[in-house]
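Asks: Would you mind keeping the following structure in view while I ask a few things?
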Amino acid sequence: MDQTDPITRILLQGIQARVFPGAMLFVRHKGQIRVHQPIGLTSSLSGAPPVQLNTIYDLASLTKPLATASSLLLLVQEGRLNLTHTLATLLEETKGSLLGQVSLKDLLVHQSGLPAWRPFYQSFSPAFPAEPESRQKRMQVVLDMILQESLDHSSSFISVYSDLGYMVLGFVVERVTGQSLEDFCQERIFHPVQASPLAFSIYHVLGDSSDPIAPTEEDPWRGCLLQGEVHDENAAILGGMAGHAGLFGTAQAVGQVTKAWLDSYLGKPSIFQQDVVRQFVKAQAGTSWGLGWDTPSQPSSSGQWFSPESFGHLGFTGTSIWIDPVRELEVIFLSNRVHPTRDNQAIKTFRPQLHDAIIQELC
């Protein structure tokens, strides 16, 4: 490790400033992997192992573009869904409600009127039943809770980032396909692009391997240090499989999905269609949000230099993706900044510094 390299130096500064105990940086430029670098330790605990290339992280809200938006994109390009479809035509429970009048596009661009978050998990025991039927029952209860939410009509003109909206989109994918979100993503996205390990269930991620897992937070609700169990409590009550959070994986596995998006954008062979991808990653009127992706708006976590055509997303646990199609650049950063506590907000200033250094050194 060359500690005089500006990118490495910034990563080391992040560790020294306790932004995170360790991290993984993956950078691909014009199809060539330029950085694939683990740094630091998996946790702040005594005897913690170093981060390795195969260290698995809780990806948090990267689930939204990698799983949920990717699934919806496939269903749109196959003609099984249309972005103008309202929820009432897809989820029978929403008929006759204000939420039933909301379109898929509204949900994707965070303009549904739903609030950002609600502590639904507090109505459940943290012990999750193993039977699939139990998850279906909990999904129904959560959907009923969401239906009781008032919609903010001003959100039709601005975007209010909403986990609840993406929980609903996850329900839509499952209802339309007749498969779990996990099974559909594995069959139609992750397996075809060879994105492994990348999955909702950590047991599916690990298989028979011994890949290390970075822990997240000491969770008072569950009464333990979370390691291999989803950090997001609302995803946890759904068995770790939800439209807004739940994915685990390595940086390289994430890069297989980002490559599919970028290749399609550039007109190269991909499981996705170019015209639909370009529609999804374009900022919509009145907001920086595309459909499942964000775009740079100052100040941006992508820093100063990513092109206006860029698209990306952040994850609460300390993860991020930024893709610049003009430079043919993909930057995937995985960390567990919520270890040992989510109160650590230092990553907000760290992210733009990292992305500026990458542009200056590699592009």
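Asks: Check off (1) within 23 Å of Ser70 (Cβ to Cβ); (2) part of a helix (DSSP H, G or I) for Lys348 and give me the number that stays unchecked.
Replies: Of everything listed in (1) within 23 Å of Ser70 (Cβ to Cβ); (2) part of a helix (DSSP H, G or I), Lys348 misses just condition (1).
Asks: Return yes or no: is Leu114 touching a helix residue (DSSP H, G or I) at 6+ places or on another chain (Cβ under 6 Å) and farther than 17 Å from Glu174 by Cβ?
Replies: yes
Asks: In addition: Which of the residues spanning region 88-126 are of a type in the set (Ser, Thr, Tyr), assigned to a loop (DSSP other than H, G, I, E, B) and under 22 Å from the mean Cα position of the chain (by Cα)?
Replies: Ser112
Asks: When residues of region 127-141 are filtered for being among the aliphatic types (A, V, I, L, M) and outside any helix (DSSP H, G or I), how many remain?
Replies: The number of residues fulfilling the criteria is 2.
Asks: What number of residues within region 254-277 are without any contact (Cβ under 8 Å) to a residue 40 or more places away in the chain, at negative phi and in contact with a helix residue (DSSP H, G or I) (Cβ under 6 Å, 6 or more places away or on another chain)?
Replies: Residues that pass the stated criteria total 3.
Asks: On the given criteria, is Leu169 touching a Ser or Thr at 6+ places or on another chain (Cβ under 9 Å), closer than 22 Å to Ala69 by Cβ and modelled with pLDDT of 95 or more?
Replies: On the way: touching a Ser or Thr at 6+ places or on another chain (Cβ under 9 Å): yes; closer than 22 Å to Ala69 by Cβ: yes; modelled with pLDDT of 95 or more: yes.
Considered against the rule, which asks whether it is touching a Ser or Thr at 6+ places or on another chain (Cβ under 9 Å), closer than 22 Å to Ala69 by Cβ and modelled with pLDDT of 95 or more, Leu169 comes out as yes.
Asks: Out of curiosity, is Gln284 in a loop (DSSP other than H, G, I, E, B), over 19 Å from the mean Cα position of the chain (by Cα) and closer than 21 Å to Asp163 by Cβ? Reasoning before the result, please.
Replies: Details: in a loop (DSSP other than H, G, I, E, B): yes; over 19 Å from the mean Cα position of the chain (by Cα): yes; closer than 21 Å to Asp163 by Cβ: yes.
Answer is yes for this residue.
Asks: Tell me, yes or no, whether region 28-45 has at least one residue that is assigned to a loop (DSSP other than H, G, I, E, B) and touching a Phe, Trp or Tyr at 6+ places or on another chain (Cβ under 7 Å).
Replies: Within region 28-45, none of the residues are assigned to a loop (DSSP other than H, G, I, E, B) and touching a Phe, Trp or Tyr at 6+ places or on another chain (Cβ under 7 Å).
Asks: Related question: For region 271-286, give me each residue that is modelled with pLDDT of 95 or more and more than 15 Å from Pro65 (Cβ to Cβ).
Replies: Going residue by residue through region 271-286, those that are modelled with pLDDT of 95 or more are 271-283.
Hits for region 271-286 are Gln273, Gln274, Asp275.
Asks: Determine, yes or no, whether Arg337 is closer than 17 Å to Ser61 by Cα, part of a loop (DSSP other than H, G, I, E, B), of a type outside the set (Asp, Glu) and touching a residue at least 40 places away in the same chain (Cβ under 8 Å).
Replies: yes
Each row is one residue, and each column tells you yes or no for (1) surrounded by fewer than 23 Cβ atoms within 10 Å (Cβ to Cβ); (2) closer than 18 Å to Tyr265 by Cα.
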residue: Ser71; (1), (2): no, yes
residue: Arg80; (1), (2): yes, no
residue: Leu83; (1), (2): yes, no
residue: Leu91; (1), (2): yes, no
residue: Lys95; (1), (2): yes, no
residue: Leu104; (1), (2): no, no
residue: Leu107; (1), (2): no, no
residue: Gln111; (1), (2): no, no
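Asks: For region 100-137, give me each residue that is closer than 19 Å to Leu72 by Cβ and of a type in the set (D, E, K, R).
Replies: Result: Lys105, Asp106.
Asks: Consider Gln360 against the criteria (1) in contact (Cβ under 8 Å) with a residue 40 or more places away in the chain; (2) in contact with a strand residue (DSSP E or B) (Cβ under 9 Å, 6 or more places away or on another chain): it satisfies all of them except one. Which criterion is unmet?
Replies: (2)
Asks: A follow-up question, please. Check off (1) surrounded by fewer than 23 Cβ atoms within 10 Å (Cβ to Cβ); (2) hydroxyl-bearing (Ser, Thr, Tyr); (3) under 19 Å from Phe272 (Cα atoms) for Ser46 and give me the number that stays unchecked.
Replies: Only one criterion is unmet by Ser46, namely (3).
The values are calculated or read from the model by the stated rules, or taken from the named source; none is laboratory data. Because the structure is predicted, anything quoted here is derived from the model rather than measured. Every residue, glycine among them, receives a Cβ derived from its backbone with ideal geometry; neighbour counts consider all protein chains shown.
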